[in-house]
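Student: Below is a structure I'd like to ask you about.
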């Protein structure tokens with residue numbers, strides 16, 4: 001099984017994108033955290049840990065590409081971005097956000113998928129994308 005970094009790099013290649021130092025720095029920053037990060041924080045960490053100076057406009061552009069390829073998604077509850085670990089569910093994200101430590105964990109499950117299908121059927125609405133965020137306390141903060 002590929003690591004997130006390897007999967008992201010392969011996806012970029014498969015979609016015709018160049019593998020650049022700035023793109024890989026953003027991917028590495030996201031790989032090494034379980035928290036949602038703002039583009040400003042991604043740029044700070046890239047400079048601190050990878051010695052790559054990125055302006056926030058560049059980070060936003062990289063995030064747009066990664067989001068288009070379903071490699072990252074926005075976590076609205078904390079206004080930041082996180083890597084997508086649930087690779088099979090392109091475009092659909094279920095996240096648990098710890099309200100104390102801000103750790104974000106992606107979750108998937110048949111019950112959630114069944115619920116989305118039930119809502120779609122009841123509303124007679126074709127759901128093409130959804131994002132579900134649950135908040136509370138993680139095991140460590142409980």
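Student: Take residue 30 and tell me if it is buried (at least 20 other Cβ atoms within 10 Å of the Cβ) and under 11 Å from the mean Cα position of the chain (by Cα).
Tutor: yes
Student: Scan (1) crowded, with 18+ Cβ neighbours inside 10 Å; (2) within 18 Å of residue 101 (Cα to Cα) for the single condition residue 25 breaks and write down its number.
Tutor: (2)
Student: Would you point out which residue out of 19, 62, 42 is farther than 14 Å from residue 81 by Cα and either more than 17 Å from the chain's Cα centre (by Cα) or not assigned by TED's automatic domain parsing to the domain that holds residue 96 (or both)? I'd like the intermediate steps shown before the answer.
Tutor: On the way: 62 fails: farther than 14 Å from residue 81 by Cα; 42 fails: farther than 14 Å from residue 81 by Cα.
Residue meeting the stated conditions: 19.
Student: Can I ask one more? Restricting attention to segment 72-101, and to residues there that are surrounded by 20 or more Cβ atoms within 10 Å (Cβ to Cβ) and not in a strand (DSSP E or B), which single residue is modelled with the highest pLDDT?
Tutor: The extreme case among them is 84.
Student: If you don't mind, there's one more thing I want to ask. Residues in segment 122-141 that are free of Cβ contacts under 8 Å to residues at least 12 places away in the same chain and either surrounded by 10 or more Cβ atoms within 10 Å (Cβ to Cβ) or closer than 26 Å to residue 30 by Cβ (or both): how many? Can you show your working first?
Tutor: Looking only at segment 122-141, we keep the residues that are free of Cβ contacts under 8 Å to residues at least 12 places away in the same chain, and these are 122-127, 139.
Then drop every residue that is not either surrounded by 10 or more Cβ atoms within 10 Å (Cβ to Cβ) or closer than 26 Å to residue 30 by Cβ (or both), which leaves 127, 139.
The qualifying residues number 2.
Student: Any idea how many residues of segment 1-43 are without any contact (Cβ under 8 Å) to a residue 40 or more places away in the chain, out of contact with any helix residue (DSSP H, G or I) (no Cβ under 8 Å at 6 or more places or on another chain), within 15 Å of residue 62 (Cβ to Cβ) and not in a loop (DSSP other than H, G, I, E, B)?
Tutor: 2
The values are calculated or read from the model by the stated rules, or taken from the named source; none is laboratory data. Given the structure is predicted, the values throughout are model-derived calculations rather than measurements. Ideal geometry is used to build each Cβ from the backbone, glycine not excepted, and the neighbour counts take in all protein chains shown.
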